[in-house]
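Since the structure comes first, as structure tokens, the remarks are kept for the end.
The values are calculated or read from the model by the stated rules, or taken from the named source; none is laboratory data. These figures come from a predicted structure and were not determined experimentally. Cβ placement follows ideal geometry from the backbone for every residue including glycine, while neighbour counts extend to all protein chains displayed.
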Amino acid sequence: MKVVLPVAGKGTRLRPHTHTKAKSLVHVAGKTVLEHIIERLQVIEVEEYIFIIDENGQQVADFMRRKFPDLKCCYLVQKERLGPAHAVALAATEVKEGDDLLVVFNDTIFVTDLTQIPQLCADADGLIYSKEVEDYQRFGVNVLRDGYVVDMVEKPDTPVSRLAQVGLYYLKDGAGFLRHIEKTIDAGETVKGEYYLPSVFMRMIAAGIRLKAPEIDAWLDCGKPETLLETNRFLLQGRHHIHGETIDSVLIEPVHIERGATVKNSIVGPNVSIAAGSVIENSVIRDSIINADNRVSNLILDHSLLGDSVCLVGAPRRMNIGDHSHIEMDQ
């Protein structure tokens, strides 16, 4: 099997955190989004990881060489921003006849058992992994008949389906799949000037290709600050890892403090991850992600996301307050 990972894109919804780094290298629960994804792929036998990159691609390549030096990787540059299907199409130079293909988009950390692919796809040609959602109006959804995908509707007004596509796809015939993308591009089937995979899949279904839509266990969106914090909370459940130094502090589980981080005279947690090199002192932090080499002092932080090398210093207050007072203070 070969795996295609489109990691190009500006990650505008995560700015300012993606001004200086690839969006797949943003941290959550003590690891980068990309590291979480690659670790989940280790349960299957992958011949090659094909990264579709942009001008920040060297950061991704350096990260993979450092964290996963034994994996075979190649890097293809998407010079034009023409959409997800166009990005996947660039993998054609690396995919040969007989290769099966897994496509993993990097805005999402998935929880599912990939070892079940052969059984799930025994009587189908591919899998469009899905998750049942309540707010179906926000997503592209799969419409099923007799267990197979027969239609795809983008942001439906009525509940024709609640099975949202999650950005994880498996195709038995990888080369054939890429040929269908090429046909879609040649036909100019765009939405607002970009090529998307639903058009490709509908073309495949019309040609008699059978696609199923297995439901994953969890769909963890990392595309926006608020969803990144939700994912941080989910991934920290049941984990309480203190590898750094804590001095005269209270830690409320779950908390992840990396080796090389220091927490002094503070209350940290729940749902806080603190990266190496950061120093937290005289502060209260909850539901937050603190990245590397930060200094946080004399502050209360809640639902906050700090990038690398941030210095955030507040000031203690001195008060003289009489009986029966009621005081509310903004930060």
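Observations, loosely collected:
- Extreme residue, nearest to the chain's Cα centre (by Cα), among residues of the range 94-141 that are part of a loop (DSSP other than H, G, I, E, B) and of a type in the set (F, W, Y): F105
- Any hit, the range 293-302, residues being touching a residue at least 40 places away in the same chain (Cβ under 8 Å), outside the structural domain of H27 (by TED's automatic domain parsing) and not acidic (D, E): no
So that you can scan it fast, the table gives a plain yes or no per residue for (1) crowded, with 16+ Cβ neighbours inside 10 Å; (2) more than 26 Å from N232 (Cα to Cα); (3) touching a residue at least 40 places away in the same chain (Cβ under 8 Å); (4) not polar (S, T, N, Q):
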position: H36; (1), (2), (3), (4): yes, no, yes, yes
position: L41; (1), (2), (3), (4): yes, no, yes, yes
position: E45; (1), (2), (3), (4): no, yes, yes, yes
position: I50; (1), (2), (3), (4): yes, yes, yes, yes
position: I53; (1), (2), (3), (4): yes, no, yes, yes
position: V60; (1), (2), (3), (4): yes, no, yes, yes
position: F63; (1), (2), (3), (4): yes, no, no, yes
position: K72; (1), (2), (3), (4): no, yes, no, yes
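- Single unsatisfied condition, G208 versus (1) at negative phi; (2) in the same structural domain as F105 (by TED's automatic domain parsing); (3) among the small types (G, A, S): (1)
- Look at (1) assigned by TED's automatic domain parsing to the domain that holds D293; (2) closer than 21 Å to R40 by Cα; (3) among the small types (G, A, S) and you find that A213 fails only one, number (1).
- Evaluating L71 against the criteria (1) over 22 Å from R179 (Cα atoms); (2) part of a helix (DSSP H, G or I); (3) of a type in the set (A, V, I, L, M, F, W, C) leaves one unmet condition, (2).
- Search result, residues across the range 181-202 that are surrounded by fewer than 21 Cβ atoms within 10 Å (Cβ to Cβ) and either over 21 Å from S130 (Cβ atoms) or modelled with pLDDT of 95 or more (or both): E182, K183, I185, D186, A187, G188, E189, T190, K192, G193, E194
- Residues considered: Y148, Y129. Of these, the only one that is touching a Leu at 6+ places or on another chain (Cβ under 8 Å), surrounded by 22 or more Cβ atoms within 10 Å (Cβ to Cβ) and either at negative phi or not hydrophobic (A, V, I, L, M, F, W, C) (or both) is Y129.
- Here L82 fulfils each of the conditions (1) part of a loop (DSSP other than H, G, I, E, B); (2) out of contact with any helix residue (DSSP H, G or I) (no Cβ under 9 Å at 6 or more places or on another chain) apart from (2).
- Within the range 142-188, the set of residues being in a loop (DSSP other than H, G, I, E, B), within 16 Å of R203 (Cβ to Cβ) and touching a residue at least 60 places away in the same chain (Cβ under 8 Å) comprises D173 only.
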